[in-house]
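J.: One structure is given below, represented as C-alpha cells, and several questions about it will come after.
The values are calculated or read from the model by the stated rules, or taken from the named source; none is laboratory data. Note that the structure is predicted; figures quoted are calculated from it, not measured. Positions of Cβ are backbone-derived with ideal geometry, glycine not excepted, and every protein chain shown enters the neighbour counts. Surface areas here come from the heavy atoms of the whole protein model, side chains and all, with no ligands, DNA or RNA. Shrake-Rupley method; radii C 1.70, N 1.55, O 1.52, S 1.80 Å.
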Amino acid sequence: MRIFYHFSTLKLSHNELIRVIHRSLIFVSLLLLSSLPVAAEQKHHNTSNSNKSIGAIDQVSRELYEKSFDEKFCNDHLSSTLGIWTISSEKSPLDTSATKRIYDELLSSLLKNSPKCINIIDSAAVGLIAEHLNKSGAMEESGGNVLAALTYAHQSVDMLIFPELYTQGGNVMMSLRIVEQKSAKTLYSTKPIVLPKAYVVEGSLDEALPLDKAIKAAADRFVKSVPDLNEIQTEGIFYEGSGTQPEAGRYIGEHLIAALSAQSSNLISGKALKVRGITLDPKTQETVSASELDSDVVARNSNIYTLTGRYWLRDKFIDLQASLKRPDGGIITWNGPIKIADFHGLDLVPKNPASLENTVLKSSVAFQVTTPQGISPTYRAGDTLQLLIRAAREAWLYCFYIDSKGNIETIFPLPPQLAAGRTAHLAPNQLIKLPDPSKDEFNFRFNAKTTGEELVSCFAASRDIKSDLPASLFPDQITPVPFLTLKKLHQIFGAVDRAQITEALVTISLTP
C-alpha cells in the first residue's frame, strides 16, 4: 500500500402511476423502421452495416432472454414488466446520435425477441420514471442508486436491464445486465459483443486539432454559451468510462481552466472567474442526506457551474468530450479529436488496471462513499485521505484499499489495535468519517513514492456478513491480503447469500 499509517495524539408517491405501455405491431414496425440509418448518416452507416449492427444486438438480446428465463418462466409468471435503463451519453464512447441509435435498436430487438409474458417498458415510459425519480427527489436521496430510488418512490418494475458501452482494444463493446428489482439480484450478465464500426464516425489524423487549438475552441464554446460565467468547480477530465485522471487528463483540465479564466475575465470591469475544487462538508454527522455528499447537487444549490470531461483513445488521436454542467441541470458540451503527439509523452492511459473496474454489486441499499474532494480526488505527497460514508438504512460496512500495484488491504473493519470501539455497523443516515479525528489515532497519508491511481472499494450489506467471508480478509494488522484482486473481491461478496450488497468505489489519482 502506498500510504502509511501515522499514529498521532488525536483524541481517541408519492404514488405516481406510470402504466406499462404495450406496443402494437404497427408501433413495433415503425420503431424498426426508425432504427435504420437516416439519409444524413449514409456517409458512415450504409444498409449493410446497419444489418450487421442489428444482428449483433439481436445476438446479445437473445442471449439475455435465453439465460435469464427458462421455458417454465411464463408458466409461473403470467406477466412481468421489464424496463431498459437509459445509456449515459456522458460516459458513452460514441456521440449522442449513435448512442441513441443503439438504444433504439436494442429496444426494438428486446421487443421482438421477448417471451410472451414479458412486457417491455418503452423508452418514453422509462424517461417518465427517470423524470419522476429526479423531480420527487428519489434519485437524489438514493445517491444515484437506481434500484434504491425506485424502491423509495414506490415505482413498480419487476426487472431492469442496464446496458453498458465501453471501448476495449480499439473496439466499442456492449454488454447487458438484467437485475430483479425486489431482490436486487443480478439474473444474468451477457458476454460483451463488439459493435460494428458503423457506429464509430471514423476520424483521421488530418482532422485532429493541435492541443492548444482544441482547448481554445472548447473555452470559446463555453464562454459564448454562458456570458455571465463567474464561478465553476472542477470535477476532472477522465479516461474513457473510468474515474481515473491520468497525466493527460489533468493537463487538459488545468489548461482548459486557464483558457476559461483568460477569456471570461475583464480588466476594465474587474470581472474574474472564480475556480474552486469540489468541497463536501456536511454540517452534522448525525443526520446526513445523500445530496450533501453529491458534488453536482452541492454545485447546483450554490448556483455554480461544473467543468468535467472524458476522452477516448483512438489510433493517433484522442476524442475529447468536455462538458460544462449548468446549475439548472443542463449540459453544454464540446467534442473534438486531438493529436496524441501534442501530449509529449504524458500518460494517456491509467497505470493501475484495477482502476478501470466498475462497481458490479448494486442493491436497493442506498450507499455512498466519497471524500471531501468527491469520488475521484487528486492528491499529492503529504496529503491525507479521509473517507465520508453514508447508508440510507441500517447496514454493515467492509472497506478495502487497492494500491497502484494492485495490492489489497482491509481498512474497515479495522484491526483490534486501531478499532477504538468501532464496529462494522452503520446507523441510517449517519455520516462515518474514516479516519475520524474525534475517534481515531491514525492518519492515511500519501508518501512521495507513489504516482498513478489507487482505489477504495467499500461494500454495504443488509446484515452482518463477516462470518460468511474468508477469515483471511481480516488480518490482525493492516497488511496486503495474499493473492487477493479486486475481481476476486467482487466474486467473494457476490457469492454471499441472503444479503443485499452494494459496492461503492473511490478512485484516487496521485500526482508528484
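J.: Where only protein heavy atoms count, and the probe is 1.4 Å, what is the accessible area per residue for the stretch 441-499 in Å²? Before the final figure, lay out the partial values.
T.: Values: 2900 Å² over 59 residues.
For the stretch 441-499, the solvent-accessible area averages 49 Å² per residue.
J.: How do 68-75, 431-438 rank on mean C-beta neighbours within 10 Å, highest first?
T.: Values: 68-75: 13.2, 431-438: 17.4.
Top to bottom by mean Cβ count within 10 Å: 431-438, 68-75.
J.: Relative contact order for the stretch 438-503: what percent, with Cα pairs under 8 Å and sequence separation of 6 or more? Can you show the working numbers first?
T.: On the way: 27 pairs, mean separation 32.9, N = 66.
Computed value for the stretch 438-503: 50 percent relative contact order.
J.: Moving on. To the nearest µm²/s, what D does Stokes-Einstein give for the stretch 407-467 at 25 °C and 0.890 mPa s, using the Kirkwood radius over alpha carbon pairs as Rh?
T.: On the way: Rh = 13.9 Å.
It comes out at roughly 176 µm²/s.
J.: Heavy-atom accessible area of HIS255 with all protein chains present, probe 1.4 Å, nearest 10 Å²?
T.: We get 80 Å² for HIS255.
J.: Taking only protein heavy atoms and a 1.4 Å probe, what accessible area per residue, in Å², does the stretch 329-408 have with all protein chains in place? If you can, show how the numbers build up before the last one.
T.: On the way: 3030 Å² over 80 residues.
Solvent-accessible surface per residue comes out at 38 Å².
J.: Ranked highest first by average number of other Cβ atoms within 10 Å, how do 394-400, 495-501 line up? Display every interim value, and only then the final one.
T.: Numbers: 394-400: 21.0, 495-501: 14.1.
My ranking of the peptides, most packed first, is 394-400, 495-501.
J.: Counting alpha carbon pairs within less than 8 Å and at least 6 residues apart, what relative contact order, in whole percent, applies to the stretch 265-353? List each step's numbers first, then the result.
T.: Details: 101 pairs, mean separation 15.0, N = 89.
This gives 17 percent for the stretch 265-353.
J.: Between VAL349 and GLN386, take the C-beta separation as r, use R0 = 35 Å, and let me know the FRET efficiency to the nearest 0.05.
T.: Details: r = 28 Å, r/R0 = 0.81.
Efficiency, from the Cβ-Cβ distance: 0.80.
J.: Another question, if that's okay. Heavy atoms only, probe 1.4 Å: what % of the accessible area of the stretch 363-434 goes to carbon and sulfur, would you let me know? Don't skip to the answer; put the middle values down first.
T.: On the way: 1070 of 2290 Å².
For the stretch 363-434, the apolar C and S fraction of the accessible surface comes to 47 percent.
J.: How many percent of the accessible area of the stretch 459-511 is carbon or sulfur, using a 1.4 Å probe?
T.: Working: 1230 of 2480 Å².
Heavy-atom surface of the stretch 459-511 belonging to carbon and sulfur, 1.4 Å probe: 49 percent.
J.: Hey, any idea what % of the stretch 305-345's accessible area is carbon plus sulfur with a 1.4 Å probe? Present the calculation step by step, with values, prior to reporting the outcome.
T.: Working: 800 of 1650 Å².
Exposed carbon and sulfur together represent 48 percent of the surface.
J.: In terms of Cα to Cα distance under 15 Å, which aspartates and glutamates are near enough to LYS100, apart from those fewer than 8 places away along the same chain?
T.: Candidates past the 8-residue exclusion: GLU41, GLU90, ASP122, GLU164.
J.: May I ask you to work out the translational diffusion coefficient for the stretch 334-445 at 25 °C, viscosity 0.890 mPa s, via Stokes-Einstein with Rh from the Kirkwood sum over Cα pairs, reported in whole µm²/s? Mind dumping the intermediate values first?
T.: Numbers: Rh = 16.9 Å.
For these conditions, the coefficient is 146 µm²/s.
J.: Right, something else. Determine, for each peptide in 363-372, 225-234, the mean count of other beta carbons within 10 angstrom over its residues, then list the peptides with the highest first. Don't skip to the answer; put the middle values down first.
T.: Details: 363-372: 23.5, 225-234: 15.2.
Put in order of decreasing packing, that is 363-372, 225-234.
J.: Which three semi-axes in whole Å describe the equivalent ellipsoid of the stretch 398-504, each the square root of 5 times a Cα gyration tensor eigenvalue, listed largest first? All intermediate terms of the calculation are to be shown ahead of the outcome.
T.: Working: eigenvalues 91, 74, 35 Å².
Rounded to whole Å, the semi-axes are 21, 19, 13.
J.: Ranked from the most accessible area to the least, with a 1.4 Å probe and all protein chains present, what is the order of SER183, SER80? The partial results should precede the final answer.
T.: Details: SER183 45, SER80 5 Å².
From most exposed to least exposed: SER183, SER80.
J.: If you don't mind, another one. How long are the semi-axes of the equivalent ellipsoid of the stretch 240-368, defined as square roots of 5 times the Cα gyration tensor eigenvalues? Whole Å, largest first. Present the calculation step by step, with values, prior to reporting the outcome.
T.: On the way: eigenvalues 156, 126, 31 Å².
In descending order, the three semi-axes are 28, 25, 13 Å.
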